[in-house]
């Protein structure tokens, strides 16, 4: 099933590891086949991965976008995820669900669950402050 994306002016996305920027007023793209795609709003960078959950997301994002280094990124992801779970056992159910998705090869679904992990972390940290 084709995927149609509309990009605003200056919006970026990553497709199979390549960063693409819309340099015009608007762009509409249709992906007719399988591709690893992340929109700008869903991209975490080294500079923005400031919390443990964001670093978990970044490692899984790299595994999703760069299949030639997927195994190495997944080893990093697993280590970071284990550390997170040890520090925040309240996230165990969410982490287990994420692991199941990744084991099935559904890394994009794992990323969506990792967004929930980031929200969970923010909730935990809001009680500390």
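The table that follows gives values for the structure above.
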quantity: Residues of segment 1-14 that turn out to be surrounded by fewer than 12 Cβ atoms within 10 Å (Cβ to Cβ), assigned to a loop (DSSP other than H, G, I, E, B) and in contact (Cβ under 8 Å) with a residue 12 or more places away in the chain, as a count; calculated: 3
quantity: Selection status of residue 60, surrounded by 12 or more Cβ atoms within 10 Å (Cβ to Cβ), part of a helix (DSSP H, G or I) and touching a residue at least 40 places away in the same chain (Cβ under 8 Å); calculated: yes
quantity: Residue that is farthest from residue 107 (Cα to Cα) [pool: residues in segment 15-45 that are touching a strand residue (DSSP E or B) at 6+ places or on another chain (Cβ under 6 Å) and not in a strand (DSSP E or B)]; calculated: 22
quantity: Exclusive hit being modelled with pLDDT under 95 and either in a helix (DSSP H, G or I) or assigned by TED's automatic domain parsing to the domain that holds residue 36 (or both), set 118, 124; calculated: 124
quantity: Residue among 65, 111 that alone is modelled with pLDDT of 95 or more and not assigned by TED's automatic domain parsing to the domain that holds residue 13; calculated: 111
quantity: Residues of segment 72-98 that turn out to be without any contact (Cβ under 8 Å) to a residue 24 or more places away in the chain and over 14 Å from residue 53 (Cα atoms), as a count; calculated: 6
quantity: Scope segment 46-57; condition in contact (Cβ under 8 Å) with a residue 40 or more places away in the chain, surrounded by fewer than 23 Cβ atoms within 10 Å (Cβ to Cβ) and not in a loop (DSSP other than H, G, I, E, B); matching residues; calculated: 52, 54
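The values are calculated or read from the model by the stated rules, or taken from the named source; none is laboratory data. Quick caveat: nothing in here was measured; it's all calculated off a predicted structure. In this analysis, Cβ positions are derived from the backbone assuming ideal geometry, glycine residues included, and neighbour counts consider all displayed protein chains.
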